[in-house]
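The values are calculated or read from the model by the stated rules, or taken from the named source; none is laboratory data. Only a predicted model underlies this, so the values are computations on that prediction, with no experimental measurement involved. All Cβ positions, glycine included, derive from the backbone under ideal geometry; neighbour counts span all protein chains shown.
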Amino acid sequence: MSMIREEADGRVELTGDLSGSPLYNHDLAPTPIASRTWRAVNLAGLWVAMCLCIPTYQMASGLIAVGMNVGQAVLTILLGNLIVLLPILLNSHPGTRYGIPFPVFARAAYGTAGANLPALMRALVACGWFGINAWIGGLALNTMIKAFWPGWTAWGGSPGGYPAGQWLAFLAFWGLNMVVVFRGMDALRRFGNISAVLVLVMTFGLYVWTVRETGSWGPGLTAGGKLDELVTFLPVFIPSLTAIIGFWATLSLNMPDFTRFAASQRDQVRGQVASLPAAMVAFSTLGILITSQSGILYGKEIWDPIALVDKLGNPWVIALATFTIALATTSVNVAANVVSPANDFAHVWPSRIDFRKGALITGVLGIVIQPWRLLSDASAYIFDWLGFYAGGLGAVAGVLVWDYWVLRRTRLSLADLYNPTGAYAYRSGWHPAALLATAIGCFLAWGGRLIPAMAPAVPYGWFAGFFGAAFAYHLLARANALGQAIDTEPTDSDLPAVQPSLPPSDV
């Protein structure tokens, strides 16, 4: 008896009961079509909320801090977001079609057990981002308290090199994020739309303040900067472009966690295309102009907006600005850095770890990763943090895109994604071709950090990882070099038969 139903628009729904499967729990279950209600405006609002955040501001202002002028920085951000939008849209498709989250989607390429590898790679990066945002929110809370109580930073000494009050603010903000997580997806959608508006108003207000103080609307597109010649610009542009792509490399993998709620493919595509590039460029431009203005005011560019807000003087204005920063940071942290890794951790042990336990694991690891070190300066943030992990996640994206679009041509066996002995069992749940291809992509992206001869490839980390892994996966799967077919006949009888990309394996 069939366990699936396919709509005329291509969306697939599970009709059978898989609750007895060890690969199934409530959070990983396919979203019923009746619950797929997000329209284009909801997805656009989610992206705007995630874009309008302090890490975006810091990434943009960091480009000024490393020597770019306004025009160069805006161009780099626009190009990077247009590039990363492509894998985002490609990996969003299975979420909308099958109603499945990212860890379940990854089972098709990596195997029912092997999917834990890309899930955990993505989850660990998200934990780092959660910690970074929690630290930023803690800084905002600390600045707010300090504005009314100057002695706040004097008590308790400076354990670990930071005032005790700052540590306390960090932990308080971390706890606030945990509370918001447990409110659920609907609360997240409402909260994100409100915070996005507030942070945009706050940032524009900060820009107006710099205009009043400097008497100028800002430098021209080519004014300022230290990279006037192509020979000096390219060595900064290439790794910066990779970092911009890396900024959303996590979401380029796990957008199924959100598009599984989309009402149609049209809604998910229109919502994302209309929002991501525009929101990133608009908000980044504000950050770039404010940072450039700060160089005029203080003799050096201040890339941290909280440090700039601290110079406003009026405690009530500082309190309002830092409150807005804290609100926006909570929104992006929950949407981008908790929902997906919580599902990833739940995927590792579905019978024991649900969404809430996965979220708690994310929060704890966010502290363990020590985000205060990742935000030590603009160069470390852009080139080391963003640039490093972009290569590894690019390799995963290459395998997923090639597997789903080229080899499988978007056809998956939905029931088998939850069957430990089904079409995606491969070798005891692991697909060697995908694992080896990912390792090759990671080596191409990261090898130059250890092997001098490969150093020229380091700035191209995401590109090397994505295309290297995709090409390797294609060769390994097509040649069946590891004795395992890339596909088997689907067990969902309602789906049209899919011709396997390779002959069935005898292994």
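Name the one entry in 60, 65, 34, 49 that is within 17 Å of the chain's Cα centre (by Cα) and more than 21 Å from residue 254 (Cα to Cα).
60
Would you kindly identify the helices (runs of 4 or more DSSP H) lying entirely within segment 253-359 that contain at least 1 residues that are surrounded by fewer than 20 Cβ atoms within 10 Å (Cβ to Cβ)?
265-298, 305-309, 315-337, 339-348
Which one of 400, 386 is out of contact with any Phe, Trp or Tyr (no Cβ under 7 Å at 6 or more places or on another chain), in a helix (DSSP H, G or I), among the hydrophobic types (A, V, I, L, M, F, W, C) and surrounded by 16 or more Cβ atoms within 10 Å (Cβ to Cβ)?
Only one candidate qualifies: 400.
Based on this model, can you work out whether residue 399 counts as within 29 Å of residue 114 (Cβ to Cβ) and more than 19 Å from the chain's Cα centre (by Cα)?
No.
If the Cβ limit is 6 Å and pairs must be 6+ apart or interchain, which residue in segment 311-323 that is over 16 Å from residue 139 (Cβ atoms) pairs with which residue that is surrounded by 15 or more Cβ atoms within 10 Å (Cβ to Cβ)?
Taking only residues 6 or more apart or on different chains, the pairs are 315/147.
Checking residue 412 against (1) outside any helix (DSSP H, G or I); (2) surrounded by fewer than 18 Cβ atoms within 10 Å (Cβ to Cβ); (3) aliphatic (A, V, I, L, M), only one condition comes out false. Which one?
In the conditions (1) outside any helix (DSSP H, G or I); (2) surrounded by fewer than 18 Cβ atoms within 10 Å (Cβ to Cβ); (3) aliphatic (A, V, I, L, M), residue 412 misses (2) alone.
Yes/no matrix, rows are residues, columns are (1) at pLDDT below 80; (2) surrounded by fewer than 16 Cβ atoms within 10 Å (Cβ to Cβ); (3) touching a His at 6+ places or on another chain (Cβ under 9 Å); (4) among the polar types (S, T, N, Q):
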| position | (1), (2), (3), (4) |
| --- | --- |
| 134 | no, no, no, no |
| 141 | no, no, no, no |
| 154 | yes, yes, no, no |
| 161 | yes, yes, no, no |
| 195 | yes, no, no, yes |
| 204 | no, yes, no, no |
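Name the residue that is nearest to residue 29 (Cα to Cα), counting only residues in segment 415-454 that are assigned to a loop (DSSP other than H, G, I, E, B) and free of Cβ contacts under 8 Å to residues at least 24 places away in the same chain.
By that ranking, first place goes to 421.
Of the residues in segment 416-453, how many are crowded, with 20+ Cβ neighbours inside 10 Å, in contact with an Asp or Glu (Cβ under 8 Å, 6 or more places away or on another chain) and of a type in the set (Gly, Ala, Ser)?
2
I'd like to verify a number: residues in segment 36-53 that are crowded, with 23+ Cβ neighbours inside 10 Å and under 17 Å from residue 81 (Cβ atoms), how many? Spell out the reasoning first.
First, pick out the residues of segment 36-53 that are crowded, with 23+ Cβ neighbours inside 10 Å: 38, 43, 46-53.
From the residues that got through so far, the ones that are under 17 Å from residue 81 (Cβ atoms) too are 43, 46-53.
Qualifying residue count for the region: 9.
Specify the residue that is surrounded by the fewest Cβ atoms within 10 Å (Cβ to Cβ); the eligible residues are those in segment 63-102 that are of a type in the set (Val, Ile, Thr) and assigned to a loop (DSSP other than H, G, I, E, B).
Residues of segment 63-102 that are of a type in the set (Val, Ile, Thr), as a first pass: 64, 66, 70, 74, 76-77, 83-84, 88, 96, 100.
Filter once more, keeping what is assigned to a loop (DSSP other than H, G, I, E, B): 66, 100.
On the way: 66: 20, 100: 28.
Top of the filtered list is 66.
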